[in-house]
Amino acid sequence: MNQKSHLIFTLYTIYGILLKVVASKGKPRGISGQYPLVQNMTVTEGGTVNMTCRVEYNDNTSLQWSNPAQQTLFFGDKKALRDNRIELMHASWSELTISISDVTLTDEGMYTCSLFTMPVRTAKAYLTVLGVPEKPEIDGLTKPALEGDQITLTCMTQGSKPAADLRWFRNEKEVKGAKEVNASGKTFTVRSSLQLHVDRNDDGVAYTCKVDHVALAQMPQQATEVLEVHYAPHVKIINSLVVPQEGQYLKLECMSKGNPSPDPVMWTKDGGELPDLDRMIVEGRELTFTSLNKTDNGTYRCEASNHLGTSSAEYVLYVYDVPTTLPPSTTLPLHPIPPDPTAQLGTHDPTVTGNRDPNAIGQHGTDHALIGGVVAVVVFVTLCLIIVLGRYLARHKGTYLTNEAKGADDAPDADTAIINAEGNHAHAEEKKEYFI
C-alpha cells in the first residue's frame, strides 16, 4: 500500500512539472527576468539631454527615473520632483523618457531607472556634463615692441571640463607653447605661454591662440593679437638704367623700410647738396635726371632716419658716351651678319662700340713689337754663339809649315831658308804638334 501511494505521488510530481513547462512556453518571455535598458549620455553645459528607459516586455509594471541624489524625478507619467527644467517626453508600459534642459555641472552623475517587479529591477546610466571653456585672453603684449625685445605672450581660458588644449599660431603656421593646467572645482583653468625674441620680421604678424575642446566642435574659441614692432630703417637704392648714357632719362628710387616710417629721405651728391636742381628733380623718395650728361658723374647718397636710428645707401653714377654706328654699306654682304644682341637690348659696352677706341690699336701694336723684340733677341744670341764657337775652334787648330817656311824666320832669301830648315831638322823631334 505504501509503495502504491509513493508511486502515485511520483506520477503527480512529474505531471506538475510538465504542466509548468507548458505554461511557461505560453507566457511572454522575460516577465519574471526582465531588466530595463538605458544608455550613458553626454551633454554640453547649458544644453538639453533626453534620458530614456525601455523594457521589451512588461506586464503593466511601472517605470521610474531618479537622479544621482536618489530623488525620484518621474514615476510613470507622474512628476515627483519640482524642477521646471525636467519634463516628461514619453511614458508607457515599455518606455519612460524625460528631458533635462539648461544642464549644469551639478546635474552630472549616475541616473537610475527602476522596474517595479518582484524584486525590483534597476539599470543605471551616467550623465556626463562637458564644461565649455571661456573665450581665451592673451596677455603680455606690449604695443609697440622694440626690435630685440624679449616678450612672453600668455593665453588663458577657464571653465573647461575636461581640461582644454591651447594651440598657438603665427599667422597660419602653428608654433609650440608651454602649457599649464590648474583644477578649479569641477572645471579647469588652462594657460599657455609663448616666448618671443622680437625682430622686424614680427611687425604686423598675427599671433592667434585657439582653444581645442570636445564641447567646441561647432563654435571654436580663439583670440588674436597683431604684433607691432618699431625698428631702425634699412635703405637701398634702385636705378632704372643698367648702363646710363648721355641724354637719357634716369630715376633713382630710395627704398627705405622702418617703423615708424622714415619720411622724408635726403639726397646728396659727393657729400654735398645736389648741384643742378633744374635737371635733378626730387619727389618724395625718387631722384630723377631728365637728361644725363658727364657732369652728373659722382656718388649719390640716400639717407633715412627715425627715432631708432639712421641708415643710408650709395649709388655711383658714371655716364657713358652715346654709341656711334658705321654708315650703312651700299653692297650687300655675301653672308648675312647676325644682329648684335647688346644693341637689341639697348645696353652699351664701352669695349664694344661702332667707333673703335684708338687705345685698342695701340694694344695690337704693342703685341707686334713684343714679338719682334723676342725674335731679335733670339737672332742676337744665335750670332753670339756662332762667334764664340769660331774663336774657340781657331785657338785650338794645328799649325802646318813647309820646309821653306820653317827657315824663313832668319833667312834673307829662299835658298838660305831651305838650308836653315834642313839644319834645324835635327831639332824637329824636340818640337811636337798637338791636334784637336
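Would the stretch 59-68 turn up any residue that is touching a Ser or Thr at 6+ places or on another chain (Cβ under 9 Å) and open to solvent by 90 Å² or more (accessible area, probe 1.4 Å)? Outline the logic, then answer.
Applying the first criterion (touching a Ser or Thr at 6+ places or on another chain (Cβ under 9 Å)) to the stretch 59-68 yields 59, 61-68.
Within this subset, residues satisfying the condition of being open to solvent by 90 Å² or more (accessible area, probe 1.4 Å) are none.
Looking for residues that are touching a Ser or Thr at 6+ places or on another chain (Cβ under 9 Å) and open to solvent by 90 Å² or more (accessible area, probe 1.4 Å), one finds none in the stretch 59-68, hence no.
Provide a single number: the residues in the stretch 32-55 that are among the β-branched types (Val, Ile, Thr), under 15 Å from residue 110 (Cα atoms) and crowded, with 17+ Cβ neighbours inside 10 Å.
Here is the first cut: in the stretch 32-55, the ones among the β-branched types (Val, Ile, Thr) are 38, 42-44, 48-49, 52, 55.
This time we only want the ones that are under 15 Å from residue 110 (Cα atoms), so: 38, 42-43, 49, 52.
When the remaining residues are screened for being crowded, with 17+ Cβ neighbours inside 10 Å, the result is 38, 43, 49, 52.
Here the count works out to 4.
Considering only residues that are aliphatic (A, V, I, L, M) and open to solvent by less than 30 Å² (accessible area, probe 1.4 Å), look in the stretch 139-168 and name the one that is farthest from residue 231 (Cα to Cα).
Among them, the one singled out is 164.
Within the stretch 178-198, take every residue that is closer than 30 Å to residue 308 by Cβ and in a strand (DSSP E or B) and give me the one that is farthest from the chain's Cα centre (by Cα). Break it down into steps so the answer makes sense when it comes.
Residues of the stretch 178-198 closer than 30 Å to residue 308 by Cβ: 193-198.
Okay, now just the ones that are also in a strand (DSSP E or B), so 193-197.
Details: 193: 23, 194: 20, 195: 20, 196: 18, 197: 18 Å.
Among residues in the stretch 178-198 that are closer than 30 Å to residue 308 by Cβ and in a strand (DSSP E or B), the one farthest from the chain's Cα centre (by Cα) is 193.
I'd like the full set of residues that are of a type in the set (D, E, K, R) and within 25 Å of residue 259 (Cβ to Cβ), limited to the stretch 143-164. Write out each step before concluding.
Narrowing the stretch 143-164 to residues of a type in the set (D, E, K, R): 143, 147, 149, 161.
Across the stretch 143-164, the qualifying residues are 143, 147, 149.
Please give the number of the condition residue 201 fails out of (1) open to solvent by 50 Å² or more (accessible area, probe 1.4 Å); (2) in a strand (DSSP E or B).
Residue 201 satisfies all of (1) open to solvent by 50 Å² or more (accessible area, probe 1.4 Å); (2) in a strand (DSSP E or B) except (2).
Among the residues of the stretch 208-217, are any assigned to a loop (DSSP other than H, G, I, E, B) and either closer than 29 Å to residue 105 by Cα or aliphatic (A, V, I, L, M) (or both)? First the steps, then the outcome.
Restricting attention to the stretch 208-217, the residues satisfying the condition of being assigned to a loop (DSSP other than H, G, I, E, B) are 213, 217.
Checking the rest, the ones that are also either closer than 29 Å to residue 105 by Cα or aliphatic (A, V, I, L, M) (or both) come to 213, 217.
Scanning the stretch 208-217, I find at least one residue that is assigned to a loop (DSSP other than H, G, I, E, B) and either closer than 29 Å to residue 105 by Cα or aliphatic (A, V, I, L, M) (or both), so the answer is yes.
Which is in contact with a Phe, Trp or Tyr (Cβ under 9 Å, 6 or more places away or on another chain), in a loop (DSSP other than H, G, I, E, B) and surrounded by 14 or more Cβ atoms within 10 Å (Cβ to Cβ), of 222, 248? Explain how you work it out, then say what you get.
On the way: 222 fails: in a loop (DSSP other than H, G, I, E, B).
Answer to the selection: 248.
Take residue 104 and decide whether it is open to solvent by 40 Å² or more (accessible area, probe 1.4 Å), farther than 15 Å from residue 34 by Cα and in the same structural domain as residue 42 (by the TED database).
Yes; evaluated as a whole, the condition is true for this residue.
Can you tell me which residue is surrounded by the fewest Cβ atoms within 10 Å (Cβ to Cβ) among those in the stretch 171-198 that are more than 14 Å from residue 141 (Cβ to Cβ) and among the hydrophobic types (A, V, I, L, M, F, W, C)?
The extreme case among them is 183.
For the stretch 244-264, which positions are out of contact with any strand residue (DSSP E or B) (no Cβ under 6 Å at 6 or more places or on another chain) and at pLDDT 90 or above?
246, 247, 248, 249
Pairs needed: first member in the stretch 110-139, under 19 Å from residue 49 (Cα atoms); second member anywhere, among the acidic types (Asp, Glu) and open to solvent by 70 Å² or more (accessible area, probe 1.4 Å); C-beta distance under 9 Å; at least 6 residues apart or different chains.
Once the first residue is under 19 Å from residue 49 (Cα atoms) and sits in the stretch 110-139, its partners that are among the acidic types (Asp, Glu) and open to solvent by 70 Å² or more (accessible area, probe 1.4 Å) give 129/45; 130/45; 131/45; 132/45.
Tell me the residue from 310, 268 that is among the hydroxyl-bearing types (Ser, Thr, Tyr), surrounded by 13 or more Cβ atoms within 10 Å (Cβ to Cβ), touching a strand residue (DSSP E or B) at 6+ places or on another chain (Cβ under 8 Å) and within 30 Å of residue 143 (Cα to Cα), please. Even if it seems obvious, please write down each step before you answer.
Numbers: 268 fails: within 30 Å of residue 143 (Cα to Cα).
Just a single option satisfies the conditions, and that option is 310.
The values are calculated or read from the model by the stated rules, or taken from the named source; none is laboratory data. Worth saying up front: this structure is predicted, and the values here are computed from it rather than measured. Neighbour counts are summed over all protein chains in view; Cβ atoms, including those assigned to glycine, are modelled from backbone coordinates with ideal geometry. These area figures cover heavy atoms from the full protein model, side chains too; ligands, DNA and RNA do not enter into them. Shrake-Rupley method; radii C 1.70, N 1.55, O 1.52, S 1.80 Å.
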